[in-house]
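First up is the structure itself, then whatever we jot down about it.
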Amino acid sequence: MKKTVFSLALGTFGLGMAEFGIMGVLTELARDVGITIPSAGNMISFYAFGVVIGAPIIALFSGKFSLKSILLFLVALCLIGNAIFTFSTSYTMLAVGRLVSGFPHGAFFGVGTIILSRIAPPGKVTLAVAGMVAGMTVANLAGVPFGTWLGHHFSWRYTFFLIAAFNLLVMLSIVLWVPQTFDTTQRRLSEQFHFLKKPEPWFIFAATMFGNAGVFAWFSFVKPFMINVSGFSEGVMTAIMMLMGLGMVLGNLFSGKLSGRYSPLRIAAITDLVIVLSLLLLFAFGQMPAASLVMGFICCAGLFALSAPLQILLLQNAQGGEMLGAAGGQVAFNLGSAIGAYFGGMMITLGFSWSHVTLPAAALSFCAMSSLLMYGYLKARRAGGNAQALA
């Protein structure tokens, strides 16, 4: 199982580099292509739209193939999308590259979660999923800062060329270490949608979307925020991106450790509250370098502390459509990326300062926490009703 988790973590490392790597080279991309920074930020949204389009399609029509074969196909798509993005010179082709890069993202997490739910010992599924997600957090700790350094000193294209090449290694690891597994829960196409008739999964989708949107409204513009608000020089952005990545690693690990003591719902709801408070403090004290780093670190830790608990909540509420539910969680996650990048950029377009991107960010994170509280209320109410019926 450890080799399988490691292989899946390599895959999420590549996905994390593709998704988050652009944030550290946003200014270089805008300068090279001749567009504004908010326009360059749309590349974040194009990736997210690729996830939204690709995840449900792949999840719905994957029942005829082994999960291992699906993973190899998804990683091949990742390689192709990042290669297109690397060698494109027009805005249109850059957008196409980002769309294709995003297609496999949600389905990869969905397939990986299903595989781990089959092979992980009882009570260890959340920890195994956290291990898979760890690849994405390590990407933010080491890969994204390295990509930021490459973009600053050479070219942003080098960053995405390496991402494309790295996926060759991911494919090899899948061939060697992922077992040949089939999704035995696959049902007829229409039956896979039955779980969506209940309100519970929709509350979790909403919490996932708003939670990611909240952090991304700020984090999409972390480089100009740190330079223009906190007063850091461009030369230290690599170190700052490493600090943010460390927060993601520790947040994911901390969440996985807590999963044995607390429910996924409690972990996720409290994490959202912490993110809201951190974003408000970023608005109030963002001009203070130390406060900016601490609050940013906490926000990034919270972003990935949410990943495993929300993924498990979706599996628990997607009976008969587990693949669609798990992939749908990543759709919501990346739709949140697009929404967050849009609202953060909108504040700049409207003429507000960079510090104001934290205000829509806090509001979106509050919506995420509210969605989880409504989900918890509904579950508690139904549990009480069932107890009364049994009595």
For this session: Output the number of residues of region 61-79 satisfying the condition of being open to solvent by 30 Å² or more (accessible area, probe 1.4 Å), under 16 Å from ILE115 (Cα atoms) and at pLDDT below 90.
Result: 3
Exercise. Can you find a residue in region 291-308 that is within 25 Å of LYS198 (Cα to Cα), open to solvent by less than 10 Å² (accessible area, probe 1.4 Å) and touching a Lys or Arg at 6+ places or on another chain (Cβ under 9 Å)?
Worked result: no
For this session: Name every residue in region 294-319 that is over 18 Å from LEU250 (Cα atoms) and either of a type in the set (A, V, I, L, M, F, W, C) or not in a helix (DSSP H, G or I) (or both), in order of residue number.
Result: ILE312, LEU313, LEU314, LEU315, ASN317, ALA318, GLN319
Seminar exercise, completed: The number of residues in region 10-21 that are of a type in the set (A, V, I, L, M, F, W, C), more than 13 Å from LEU71 (Cβ to Cβ) and at pLDDT 90 or above is 3
Exercise. Of all the residues that make up region 321-336, how many are in contact with a Ser or Thr (Cβ under 7 Å, 6 or more places away or on another chain), over 13 Å from ASN212 (Cα atoms) and either open to solvent by less than 20 Å² (accessible area, probe 1.4 Å) or among the basic types (Lys, Arg) (or both)?
Worked result: 2
Exercise. Which residue pairs have Cβ atoms under 7 Å apart, sit 6 or more places apart or on different chains, and have a first residue in region 191-203 that is at pLDDT below 85 and a second that is aliphatic (A, V, I, L, M)?
Worked result: GLN192/LEU60; GLN192/LEU324; PHE195/ALA318
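Being part of a helix (DSSP H, G or I) and closer than 25 Å to ARG382 by Cβ is true for just one of LEU253, LEU196, LEU277, LEU243. Which residue is that?
From the options LEU253, LEU196, LEU277, LEU243, the qualifying one is LEU196.
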Problem set entry | Checklist (1) open to solvent by 30 Å² or more (accessible area, probe 1.4 Å); (2) outside any helix (DSSP H, G or I); (3) in contact with a helix residue (DSSP H, G or I) (Cβ under 8 Å, 6 or more places away or on another chain) applied to ILE348, failing item | (2)
Exercise. Applying the selection to region 62-84, what residues are in contact (Cβ under 8 Å) with a residue 12 or more places away in the chain and either in contact with a Lys or Arg (Cβ under 6 Å, 6 or more places away or on another chain) or among the polar types (S, T, N, Q) (or both)?
Worked result: SER62, SER66, ASN82
For this session: Go through the residues of region 257-265 one by one and say whether even a single one is in a helix (DSSP H, G or I), at pLDDT 90 or above and over 22 Å from MET23 (Cβ atoms).
Result: yes
Problem set entry | helices (runs of 4 or more DSSP H) enclosed by region 85-173 - at least 1 residues per element that are in contact (Cβ under 8 Å) with a residue 12 or more places away in the chain, open to solvent by 10 Å² or more (accessible area, probe 1.4 Å) and touching a Gly at 6+ places or on another chain (Cβ under 7 Å) | 91-119, 125-138
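The values are calculated or read from the model by the stated rules, or taken from the named source; none is laboratory data. This is a predicted model, so every value here is computed, not measured. Cβ: placed from backbone, ideal geometry, glycine included. Neighbour counts: every protein chain shown. Heads up: the accessible areas ignore ligands, DNA and RNA and are worked out on the full protein's heavy atoms, side chains in. Shrake-Rupley method; radii C 1.70, N 1.55, O 1.52, S 1.80 Å.
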